[in-house]
Amino acid sequence: MPKTDTQQPEALRRAVLAPRLLTPEMLVRLDGWNYFARTDLKPPDLRDCAPAGTKVDDTDPRVIYNGHLCVVNIPVIEQAILDAARVYGTNITRPQGLLGMALDGDDGTGKTFLLRAIGRDFQQRIEKQYSDRIPVVHILAPHNADTEQAWLWEIGQFLGLAPEPKSLAEAMQWAQTKQPRYPDLKIPVMHVLEHAKTRMLLVDDIHRITVDQLAVFLPLSDYLRNKFGIATIYCGTGATEILHAARLKANRYAKDPQRNALPIRRLDPIPFKNGVDLETWPRLVKGFEKQLRLHRLTEGDLTRHATYLHQRTGGRLLYLSHLVCQAAQAAIYTGEETITLELLESINIGFTSRGRSQTAG
């Protein structure tokens, strides 16, 4: 059995300490991404917080903190972060033959969290040595992804190069113009990527676009890799099949999609029944429990409901996070300050049956 990679503990530490006071649009803008990549989470100390039963609102530090719990200490996420740390650690000094990655899996299994954790880890590694770079660019697949210009515009927005409408009237004028009044950003985008020595491009939500639309982007992605050393991580449900099909469309010489496969990391719902992996799910739930900041929470208050939580969420991280976080916030508002089965049953996450008699653990 191979020895533990020394990069792994540090990469996991950087992932779990990601800050939480961010809105979605901040993460696809350079200033917001830099805050996410450079700032470490500081959980509130219960001794400094309002006492149990104190009436608080949604600005209370514990309400904010308990609204978004990130747990990465489960094997599949640990291995994915280690895989990425190895790939991109090698990419940093290679003049050619760089590898990208693809993150695939069902909805709600943690792909986007993993994508951003990889980017955060990579940026912190680079910024230990250099302070004048933009190591990582993070974008979503464009909603109008039919042209190369649309992809460049998305990158340009992250870099602050894309002009925005100055008023609602100007935005309406843009919408009514058949030929959109925005410039071709290829030259300025290329200039910034080259001189800022960008090395990683994160592309999320590729399941929202068609194979033809992704095929438009792949030649640009190849160019960025071969000229500037920028490797791309693609993320989305069905990413493996989408990328294979798009590669065949983008490259008429690519006869076999298997020859164009990137390293794939797949995240699936975590099993917890019939003797299949009875350790990972309780470990994950325990990790959530340790992160919670509730005055009356004692060890085991959440983990004793591991079976119930799995049946409610289908083993998906997104739904577990919503269920536990909503319950934790409710516990603060009501003054209950712990998590009970009755409280969990009162939370609607819209995923599976909520019947206590069938699911209590």
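Read the figures in this text as sums done on the coordinates, not as results from a lab. Computed from a prediction, not measured in an experiment: that's the story for all the values here. Note that we place each Cβ from the backbone using ideal geometry, even for glycine, and neighbour counts take in every protein chain shown.
General observations
- Alpha-carbon radius of gyration plus Dmax, which is the widest Cα pair, for segment 183-319 in Å: 21.4, 64
- Fully extending the segment from Asp222 to Ala330, taken as 0.36 nm per residue of separation minus the present Cα-Cα distance, adds 34.0 nm.
- In segment 265-342, the GluC sites (Glu not before Pro) that fall in loop regions by DSSP, at most 13 other Cβ within 10 Å: Glu279, Glu299
- Taking trypsin sites (Lys or Arg not before Pro) in DSSP loop states with no more than 10 other Cβ atoms inside 10 Å as exposed sites, the chain has its longest site-free stretch at 256-361.
- The angle between the Cα long axis of helix 211-228 and the longest principal axis of the Cα atoms of the chain comes to about 70 degrees, rounded to the nearest 10.
- Mean projection area, nm², convex hull over Cα of the chain: 22.0
- Using just its DSSP H runs of length 4 or more, each adding -39500 (n - 2.57), the chain gives a mean residue ellipticity at 222 nm of -14000 deg cm²/dmol after division by all residues.
- Sparse-neighbour loop sites [chymotrypsin sites (Phe, Trp or Tyr not before Pro); segment 72-172; at most 10 other C-beta within 10 Å; DSSP]: Tyr130
- Angle in degrees between helix 111-127 and the longest Cα principal axis of the chain, rounded to the nearest 10: 70
- Convex hull of segment 70-136 built on C-alpha atoms - directionally averaged projected area, nm²: 5.3
- Note that segment 93-245 shows a convex hull volume over its alpha carbon atoms of 129 Å³ per residue.
- Here segment 316-351 and segment 56-114 have alpha carbon centers that stand 24 Å from each other.
- Along the axis of the charge dipole computed for the chain (Cβ charges of +1 for Lys and Arg, -1 for Asp and Glu, origin at the Cα centre), the listed residues Ala327, Val76, Val285 are led at the positive end by Val76.
- Here the spin labels are modelled as points 7 Å beyond Cα on the Cα-Cβ line, and at Asp31 and His68 they lie 1.7 nm apart.
- Column: log10 I(q)/I(0), Debye, Cα scatterers of segment 193-250, q = 0.16, 0.23, 0.26, 0.29 Å⁻¹: -0.48, -0.89, -1.05, -1.18
- For segment 24-137, the Rg and Dmax computed from alpha carbons only, in angstrom: 17.6, 60
- Dipole magnitude of segment 74-167, debye to nearest 20 (Cβ charges: Lys/Arg +1, Asp/Glu -1, about Cα centre): 440
- Rh by Kirkwood over Cα pairs, then Stokes-Einstein D for segment 27-66 at 0.692 mPa s and 37 °C, µm²/s: 269
- Surface/4 of the Cα convex hull for segment 44-85, nm²: 4.5
- D (Stokes-Einstein, µm²/s), Kirkwood Cα radius, segment 271-323, 1.306 mPa s at 10 °C: 139
- Highest mobility in the GNM of the chain, judged by mean-square fluctuation with C-alpha springs under 10 Å and restricted to Gln213, Gln96, Gln149, is found for Gln96.
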